[in-house]
Amino acid sequence: MDLLRIGIVGAQFAAHLHLQNYKPLRGSKLEVAGIASRTKARAEELAGKYHISHVADDYRRLLERKDIDAVDLCVPTDLHHEFIIQAAQAGKHVICEKPLTGYFGKDRPEDLVGAAVDRGTMLREALVNCKAVAQAIKKSNVKFCYAENWVYAPPVAKLKNLIRVSQGTILDIRAEESHSGSHAAYSRRWKTSGGGALMRLGAHPVSAVLHLKHYEGML
């Protein structure tokens, strides 16, 4: 494979962020072969900014293309597990934004469904989605990549180096992420975000904690 050919699904903040980071790799490591968005005008605007020739208003058009190796899912959280499964079934490798899934309660009338549902139910439904994703990836023999950038932050990289050199053990980790809120409008609704602040903001420090302990265990 000379170039990894990627299709972007979604055309808002996350898609901008991913495309900005792909820029140094385009032409040597990868190429962005198309963008799909339910709002075609947004896809066309983004495609124009990043010089991408193909635009579609249905992500399935990207899955049908033989020249696309992987799809990068920059869509609301409630669409993640369904889109991952369909992409895997189409033989595409998958890159997915955080968080992987959640509890959406779309069968309930309340917008803030978490206030009316016990945590056990929420966990069970989220794990059902995770299991379905894992089975689809394994069955289709494609690679699944989870888009987590915090683990590459300089402080985390420095801490990993200290762990490696000292051969020490992490006994206490304290982490937080604090800012004024998500860029994404869907994050304000439980039925599309799948959870509250822990899902949206806590995903980064929790991922960093798991990454560091895993790294320690592999040494």
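Every read-out reported here was derived from the displayed coordinates using simple, explicitly stated rules and does not represent laboratory data. All values reported here derive from a predicted model rather than from experimental measurement. Counting neighbours? That spans all protein chains shown, and the Cβs are built from the backbone with ideal geometry, glycine included.
At a glance:
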read-out: The chain: proportion of alpha-carbon pairs further apart than 32 angstrom, %; value: 24
read-out: In Hz, Karplus ³J(HN,Hα) per residue of the range 44-57 (6.51, -1.76, 1.60; θ = phi - 60°; x = Gly, Pro); value: 5, 5, 5, 4, x, 5, 10, 6, 10, 7, 10, 10, 9, 9
read-out: In Hz, Karplus ³J(HN,Hα) per residue of the range 92-100 (6.51, -1.76, 1.60; θ = phi - 60°; x = Gly, Pro); value: 9, 5, 10, 10, 10, 5, 7, x, 4
read-out: Cβ-based net charge around N129, under 11 Å, with every Lys or Arg adding one and every Asp or Glu removing one; value: -1
read-out: Built amide H within the under 5 Å cut-off of V55, gap 5+; value: I35
read-out: Sum of side-chain charges, G91 neighbourhood, beta-carbon under 12 Å (Lys, Arg +1; Asp, Glu -1); value: +3
read-out: Additional length obtainable on full extension of the chain from K213 to E177, 0.36 nm per residue less Cα span; value: 11.1 nm
read-out: Phi to ³J(HN,Hα) by Karplus 6.51 cos²θ - 1.76 cosθ + 1.60 over the range 121-130, Hz, x for Gly, Pro; value: 5, 4, 5, 4, 5, 5, 5, 4, 5, 4
read-out: Long-range HN-HN contacts of L4 with modeled amide H, under 5 Å; value: L30, E31
read-out: Proxy reagent accessibility, fewest Cβ within 10 Å first, across L171, L100, L123; value: L171, L123, L100
read-out: Set K29/K131; K40/K139; K98/K139; K106/K131; K92/K158; K40/K92 screened for pairs whose C-alpha atoms are more than 28 Å apart; value: K29/K131; K40/K139; K92/K158
read-out: Residue exposure sequence - R26, R164, R119 - by fewest surrounding Cβ within 10 Å; value: R119, R164, R26
read-out: Alpha carbon centroid spacing (whole Å) that separates the range 42-101 from the range 149-171; value: 33
read-out: Neighbour net charge for F13 - beta-carbon separation under 14 angstrom, K R +1, D E -1; value: +2
read-out: Mean Cβ count within 10 Å, highest first, over the residues of peptides 66-76, 144-154, 194-204; value: 66-76, 194-204, 144-154
read-out: Residue-averaged [θ]222 nm for the chain, counting only DSSP H segments that reach four residues, each worth -39500 (n - 2.57); value: -13000 deg cm²/dmol
read-out: Nitroxide proxy distance, nm - points 7 Å out along Cα→Cβ at T121 and R61; value: 4.0
